[in-house]
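Since the structure comes first, as structure tokens, the remarks are kept for the end.
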Amino acid sequence: MEYEDALYSFINIENNNSKSSMNEFKSELVLNYSKNPLFEHLILHIKSYLKQNFSSKEKLKIETLTHFLKDNKFDIKTLKQITKNGIPDKLPCLRSIIWKTLIGYYPINDLTKWKFITLEHFNLYQNLKKYYKNFPNDLTDEEDLKTLSQINKDIPRTRTEIDFFKEKSNFNKKETNYDILRRILFFFSKRNPELNYVQGMNEIVAILYYIFSLDENVYMKPFVESDTFYSFEILIKEIKPVFMMSNINYSQLFITCQIRQVNDILKEAAPDLLNYFKEKNVIMDVFLMRWLIVLFAHEFTMEGSISFWDRLFTQKNKMKFICYISSAILILNKRKLMKMQMEEIVFWAQEFGTIIKNNNIDDIVKTAFDIKAKIKKVPKKSGFLNFFFR
């Protein structure tokens, strides 16, 4: 199904001359709740996949989630319980829907509103595209050009291990997927001047866009870019202290608090490793800062990042969870790390894909929860530090 056909099917426009009226309807919200192709197609898609060779656990998980879809509501606790050990890769449409829900783009209590939200945000995003009709060629403002220059430096370095982003977009053959990431990031900087664009955002938006692009529900194809934009905006605002360059002191203090949290976890769970790092003058800030800022998007392969984010999005306090994950990775590799010199440790921690090659995501997450259960409570901080770990 082509882009425009999918858009019309989703909106369910009754117009004898619909093709010729495409531009008019792009700027309007035409809602019809008599049918919801998002759910109809999704449930049919899931049922067809269940006939394939799934494990009994996967089938149970998928059937439970499908049951929620039919009831037009999710129970958030049950949803998190089902997905905390990952989402089956064979159903990318299911992962796309669940991520949007866990991020907060879709309301959890009423699935019938999803169609309206999708269309509303599509319309708003089309207005942005219309305003910057010839982006990026129509930019003249010095600050805009400066922001675009930084984005342009980072985009070609984003997820170079896969060809997807270099390829032509499925939605506009004149653009690559890198071009779409560039536009999303620039629009974000304009809508959020207090955050602007900060290096690392490119890594985060790339994963969201990739997952939403994999959604095989043909009715969702026209909305991949707008859904990515607004889901990205919600996620960044949740973790915005790490990106607040407009208040660099606040941002640095927040990151310092997170690193100190990891230090306190290691003090309780692996004091010998922490002492070894001190003996070798290993400054954990060098690698922990990047782990924390990009939610491990740069350290894990795409497959590993997706698997990890399945778990991450089930957590209420994502940054605190990242601290436990960071500690778990170091503890799982303690024996190896305690044979290395300072330069080797830093190189190991920053080398792309090394962590995921040597550690299964399930093992990392299980270790993180084991550590949390074992120490129960990291020593409380006082004053301003405690603000971040409420």
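Here are the numbers for this structure:
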| read-out | value |
| --- | --- |
| Close pairs (7 angstrom Cβ cut-off, 6 or more residues apart or separate chains): under 15 Å from Lys237 (Cβ atoms) in region 178-207, in a loop (DSSP other than H, G, I, E, B) and small (Gly, Ala, Ser) anywhere | Ile204/Ala297 |
| Qualifying position, being in a helix (DSSP H, G or I) and modelled with pLDDT of 70 or more, among Thr66, Thr112 | Thr112 |
| Flag if Ser327 is in a helix (DSSP H, G or I), crowded, with 22+ Cβ neighbours inside 10 Å and touching a Phe, Trp or Tyr at 6+ places or on another chain (Cβ under 9 Å) | no |
| When residues of region 69-94 are limited to those that are among the basic types (Lys, Arg), more than 17 Å from Asp110 (Cβ to Cβ) and in contact with a helix residue (DSSP H, G or I) (Cβ under 7 Å, 6 or more places away or on another chain), the one modelled with the highest pLDDT | Lys84 |
| Region 290-312: number of residues that are in a helix (DSSP H, G or I) and either of a type in the set (A, V, I, L, M, F, W, C) or surrounded by fewer than 17 Cβ atoms within 10 Å (Cβ to Cβ) (or both) | 9 |
| Helices (runs of 4 or more DSSP H) fully within region 185-289 counting 3 or more residues that are over 22 Å from Ala368 (Cβ atoms) and at pLDDT 90 or above | 201-214, 224-238 |
| From Phe165, Phe122, residue being part of a helix (DSSP H, G or I) and under 17 Å from the mean Cα position of the chain (by Cα) | Phe165 |
| Among the candidates Ile76, Ile117, Ile97, residue that is of a type outside the set (Phe, Trp, Tyr), under 28 Å from Leu60 (Cβ atoms) and surrounded by 15 or more Cβ atoms within 10 Å (Cβ to Cβ) | Ile97 |
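The values are calculated or read from the model by the stated rules, or taken from the named source; none is laboratory data. All of these numbers come straight from a predicted model, not from anything done at the bench. Positions of Cβ are backbone-derived with ideal geometry, glycine not excepted, and every protein chain shown enters the neighbour counts.
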